[in-house]
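Let me begin by presenting the structure, written as structure tokens, before commenting on it.
The values are calculated or read from the model by the stated rules, or taken from the named source; none is laboratory data. Not measured: the values here are computed from a predicted model. All Cβ positions, even for glycine, are placed from backbone atoms using ideal geometry, and neighbour counts span all protein chains on display. With ligands, DNA and RNA removed, areas are computed over all heavy atoms of the protein, side chains included. Shrake-Rupley method; radii C 1.70, N 1.55, O 1.52, S 1.80 Å.
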Amino acid sequence: MAKTGGAASSLAKALAIVLGSGTAGTREPGDEQIPVRLRAWDGSEAGPTDAPLIEFTSRRALRRILWSPGQLGLSRAYVAGEIKAHGDIFAAFAALSSAGKFAEPGPFTPLTPRELWTLLKTGVRLGALGPNPAPPPEEAKVEKHGRRHSRKRDAAAISHHYDVGNDFYRLVLGPSLVYSCAVWSDEATGLEAAQEEKLDLICRKLGLKPGQRVLDVGCGWGSFALHAAERYGVNVVGVTLSTEQAELARKRVAEAGLTEHVDIRVQDYRDVDDGPFDAISSIGMSEHVGREQLGRYVSQLHGLLRPGGRLLNHAISWNAGPTEDDPDSFIPRYVFPDGEMLSLGTMVTALEECGFEVLDVEALRRHYALTLRAWVKNLEEQWDDAVRLTSEGRARIWRLYMAASALGFETGLTGLNQVLVQKAGGEETPLRLRNWAT
């Protein structure tokens, strides 16, 4: 039986301050209304008995929070294994997301002087004061590579996320090695079938025909290029900034006997200069482009298309309205450094201002939630192998990020949209576009 009192009671008060979860929004220091059951390093517990269990395994976790009293401190402690979520990770994160500050999109609201003083006194009481612990080694350090969205820094950001081991990604993503939203006929559809349907859906929307030349921007491990070349007889140029992705993609192309039809390059999309292409796919890549570079991204792809050519942009969208980026939150520090989610309206406006005609927009928000839950299941069922292939910290990062992202799609905070556009000229657009679902 868990003991009451002890460190957990004081720790609960500190956590309530950080989360901003005071009763009725009062945010009074010492108000210990927390949405989780909290277990401290001495075995004591506090908080609702029927809530998801969160364990602080050492005082070091509280010390990180004292130095960075917000999402960054909590993230570092979780990645380092000093905070553990027991049981259902979806339930734990949903509970934390319901708290005051976590429920608000955008940067954390800074603590008041009174809150900081109360937090410091709690640290003294629990013996948690000390030097700021070094961040976990999995934390991104892309800022040393120059200005944001420079070629060098973009390459470093992509390497941080994707060059963590192809075997690890195969374990999480499954044999398809497709790292983007699948398309599900229903919730019982298997992940592999749903990913194959997504790849074929994009081919159909682009209207691919044998002999055409296709550019795949952010080609990943080559899954779309392989599908398009094998099923539709096209010639594909795939570009990625990840050397590990390119190495495996080339191997897969060779094994499929498609080396004459698929060219995988380690190349920045801004440096592609051998157009024109009949069609361009950008699947889960534009989130890395950034708001400031969006116009250049759209213009570059427009210039690479032949007249009448189609572009399909498959991207996550931010649905929660205008907000400031928070570089000290979990995602930019540990998952997608320098990544930026734009609204659907922002993306469509940029495409239209560049001269593209919008042919079709399809929302796949619920499909991404199903995809992410399938990836979490793969990870949890093969946890020991995942840790062996990367690190325990990296496995924890992916578990939290995918679970949190799934909840974001389920609540509508984020969306996923396929935007199909066409460059002027060439053949006239049909009076009615086909029903893609058939």
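Points to keep in mind about this one:
- Each label was represented as a point 7 Å from its Cα along the Cα-to-Cβ direction; for THR323 and ARG306 these points are 4.4 nm apart.
- Once the Cα atoms are used to define both axes, helix 191-206 deviates from the longest principal axis of the chain by about 40 degrees.
- DSSP bridge orientation in the chain - percent antiparallel, rounded to nearest 5: 45 percent
- Here the average projected area of the convex hull drawn through the C-alpha atoms of the chain stands at 22.0 nm².
- The range 139-211: chymotrypsin sites (Phe, Trp or Tyr not before Pro) falling in loop per DSSP and having at most 13 other Cβ within 10 Å: none
- Averaged over residues, the count of other Cβ atoms within 10 Å places the peptides 229-237, 9-17, 258-266 in the sequence 9-17, 229-237, 258-266, highest first.
- Among 416-425, 247-256, 73-82, 109-118, the peptide with the highest mean count of other Cβ atoms within 10 Å heads the list, and the full ranking is 73-82, 416-425, 247-256, 109-118.
- Residues in the range 45-79 reached by a label modelled at LYS141 [backbone nitrogen below 19 Å; 7 Å Cα→Cβ]: 73, 76-77, 79
- Of the solvent-accessible surface of the range 374-436, computed with a 1.4 Å probe and all protein chains present, 48% belongs to carbon and sulfur.
- Label point at ARG388 placed 7 Å out along Cα→Cβ; residues across the range 165-190 whose backbone nitrogen lies under 17 Å: 165-172
- Share of carbon and sulfur in the accessible area of the range 71-176 stands at 60%, probe radius 1.4 Å.
- The chain: calculated mean residue ellipticity at 222 nm from DSSP helix runs of at least 4, using -39500 (n - 2.57): -12500 deg cm²/dmol
- Rounded to two decimals, the Cα radius of gyration of the range 69-200 over 2.2 N^0.38 Å is 1.43.
- Selected from ILE397, LEU342, VAL419, residue furthest toward positive end of dipole (the range 316-433; charges at beta carbon): ILE397
- Normalised by residue number, the volume inside the convex hull of the Cα atoms of the range 302-438 is 154 Å³ per residue.
- Among the GluC sites (Glu not before Pro) in the range 357-390, none is located in a DSSP loop while being surrounded by at most 12 other Cβ atoms within 10 Å of its own Cβ.
- Extension gain from ASP360 to THR429, taking 0.36 nm per residue of separation minus the Cα-Cα distance: 23.7 nm
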